[in-house]
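Colleague: The structure follows.
The values are calculated or read from the model by the stated rules, or taken from the named source; none is laboratory data. Since we're looking at a predicted model, the values are computed, not measured. A quick note on method: Cβ atoms are made from the backbone with ideal geometry, for glycine too, and the neighbour counts reach across all protein chains shown. Accessible surface areas use protein heavy atoms only, side chains included; no ligands, DNA or RNA. Shrake-Rupley method; radii C 1.70, N 1.55, O 1.52, S 1.80 Å.
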Amino acid sequence: MNDFHDGINKGVAPVTYGQGERPPRGDYASAGSDYTCAQRWGDYTAEQHALYRRLHERQTAQLPGLACDEFIDAVRHLGAAERIPRFEDINAKLKPATGWQIVAVPGLIPEEAFFALLAERKFPVTEWLRKPEEFDYVVEPDVFHDLFGHVPLLFNPVFADYMQAYGAGGLKASRLDACELLARLYWYTVEFGLIQTKQGLRAYGAGILSSAGELRHSVCSPEPRRVAFDLKRLMRSRYKIDSYQATYFVIDAFEQLFDATAPDFAPVYAEVRALPLIEAGVVLPGEREFAAG
Ligand code: HBI
Ligand code: FE
C-alpha cells in the first residue's frame, strides 16, 4: 500500500474541505496567509519522538542499494533522529548549503501557496506526526514523510535548483490552468522518481524513500514498468493514488530535471492537451524501458 498520497492527488487542502472532504488534521486556523505556522516543537510527546525514531530507523536501514547516493549522503543532515528534529536546526545547515529553508505548515496547502513557497526556496513541512496505528500507512504527508522524504535532496544544489524552478513554473501553470499537468511532473519525479546510476537503478522520489514497502518494490520488483523520463509523455501519464506505482520514470541525472524546466511550458501544455492520456502501467511502442535494479 502506498503512503499518504491520495491526499495530494485529490488536492486535499483547506479549500476543498468545504466540499465534504476529510476534516483537516492540522491547525489551519493558526496558519498565516502564506499557510505557514509554528512547528510547536515543545508540544511533541515522548511517544511521538519514539515513533519518529522508529520510522527513521526503519527507512535508514533500507537505504543501501536502493536510495541514490545523493540522498544517502544528505540524510545525515536530519541529525541522529533520536527525536523529531527542530526545523530551525535543519535550517541552520540547509540555508548555507543551497539557500533553502523548511517552513512548518498544518498539512497539505492549496497549490498556489505551495508553488509560491517553493519559488522562494521554502519547503513546506507538515508539523504533525502520524499516529502509531498509521506506522505503515498515512493518508496525507506528515512530518516524517516531508522531513525524511523531501529534505535531504534539498541539500543537493542541482535538485534544489530544480525544486525552485518547479515552484516558479507552478505559479505560471496556475495562470494557464495547467496545474494538473504540472502535478504529474511533481508526482513522477519529486515523489516517485527513479534514477539510473553506475551501480544500477536507485530511488530519489520522496514518496518512495519514506515508504516502508515501496522503496524495495520500485527498484527491485518485476511488476512495475520503468520508462525513460520524457516530459511530455510524463505529463500525459495518469498515476495511482492508493497503491504502489505501476509506472516509474527514470532519469539519468538531476541535471536532466533542471534542464527540462528551462523551456516555456505554454507550448508544451498545448501539445500535451491535444494528446490522449496514458494509463499507469502502459508502455508505448518503442519506449526505452529499464529492467528492475
Ligand atoms: N501541500 N504541504 C503540501 N505538500 C505538498 O506536497 C503539496 C501541497 N499542496 C499541493 C501539492 N503538494 C500537489 O498538488 C503538488 O502536485 C503541487
Ligand atoms: Fe511529498
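Colleague: Would a scan of segment 241-263 turn up a residue that is at pLDDT 95 or above, within 16 Å of ligand 1 (Cβ to nearest atom), within 20 Å of the chain's Cα centre (by Cα) and not in a helix (DSSP H, G or I)?
Modeller: Within segment 241-263, one or more residues are at pLDDT 95 or above, within 16 Å of ligand 1 (Cβ to nearest atom), within 20 Å of the chain's Cα centre (by Cα) and not in a helix (DSSP H, G or I).
Rundown of residues vs (1) within 10 Å of ligand 1 (Cβ to nearest atom); (2) at pLDDT 95 or above; (3) under 11 Å from the mean Cα position of the chain (by Cα); (4) acidic (Asp, Glu), yes/no style:
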| position | (1), (2), (3), (4) |
| --- | --- |
| 146 | yes, yes, yes, yes |
| 149 | yes, yes, yes, no |
| 155 | no, yes, no, no |
| 161 | no, yes, no, yes |
| 164 | no, yes, no, no |
| 168 | no, yes, no, no |
| 177 | no, no, no, yes |
| 186 | yes, yes, yes, no |
| 189 | no, yes, yes, no |
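Colleague: Using the structure shown, decide if residue 218 is on the phi < 0 side of the Ramachandran plot, crowded, with 22+ Cβ neighbours inside 10 Å and more than 14 Å from ligand 2 (Cβ to nearest atom).
Modeller: Yes; evaluated as a whole, the condition is true for this residue.
Colleague: Could I ask something else about it? Residue by residue through segment 202-229, note down the ones that are part of a loop (DSSP other than H, G, I, E, B), closer than 19 Å to residue 61 by Cβ and in contact with a strand residue (DSSP E or B) (Cβ under 6 Å, 6 or more places away or on another chain).
Modeller: Residue satisfying the conditions is 204 alone.
Colleague: Out of curiosity, is residue 64 more than 17 Å from the chain's Cα centre (by Cα), at pLDDT 95 or above and part of a loop (DSSP other than H, G, I, E, B)?
Modeller: When the stated conditions are applied, residue 64 passes them.
Colleague: Looking only at residues that are in contact with an Asp or Glu (Cβ under 8 Å, 6 or more places away or on another chain) and not β-branched (Val, Ile, Thr) in segment 121-133, which one is most open to solvent (accessible area, probe 1.4 Å)?
Modeller: Here the answer is 132.
Colleague: Moving on. Kindly evaluate residue 27 against the criterion of being modelled with pLDDT of 95 or more and open to solvent by 30 Å² or more (accessible area, probe 1.4 Å).
Modeller: no
Colleague: What single numbered condition from (1) in contact with a Gly (Cβ under 9 Å, 6 or more places away or on another chain); (2) over 24 Å from residue 181 (Cβ atoms); (3) within 12 Å of ligand 2 (Cβ to nearest atom) fails to hold for residue 141?
Modeller: Answer for residue 141: the failing condition is (2).
Colleague: Can you say whether residue 111 is open to solvent by 30 Å² or more (accessible area, probe 1.4 Å), in contact (Cβ under 8 Å) with a residue 24 or more places away in the chain, within 12 Å of ligand 1 (Cβ to nearest atom) and under 23 Å from residue 24 (Cβ atoms), as far as the supplied structure shows?
Modeller: In short, yes.
Colleague: Take residue 167 and decide whether it is over 20 Å from residue 72 (Cα atoms), touching a residue at least 12 places away in the same chain (Cβ under 8 Å) and open to solvent by less than 10 Å² (accessible area, probe 1.4 Å).
Modeller: In short, yes.
Colleague: Residue 96 is checked against (1) within 15 Å of ligand 1 (Cβ to nearest atom); (2) open to solvent by 10 Å² or more (accessible area, probe 1.4 Å) and fails just one. What number does that condition carry?
Modeller: Single failed check for residue 96: (1).
Colleague: Only one of these conditions is not met by residue 200: (1) open to solvent by 10 Å² or more (accessible area, probe 1.4 Å); (2) within 16 Å of ligand 1 (Cβ to nearest atom); (3) of a type outside the set (A, V, I, L, M). Which number is it?
Modeller: Residue 200 satisfies every listed condition except (2).
Colleague: Looking only at residues that are farther than 15 Å from residue 162 by Cα and within 9 Å of the chain's Cα centre (by Cα) in segment 193-208, which one is farthest from ligand 2 (Cβ to nearest atom)?
Modeller: My answer is 208.
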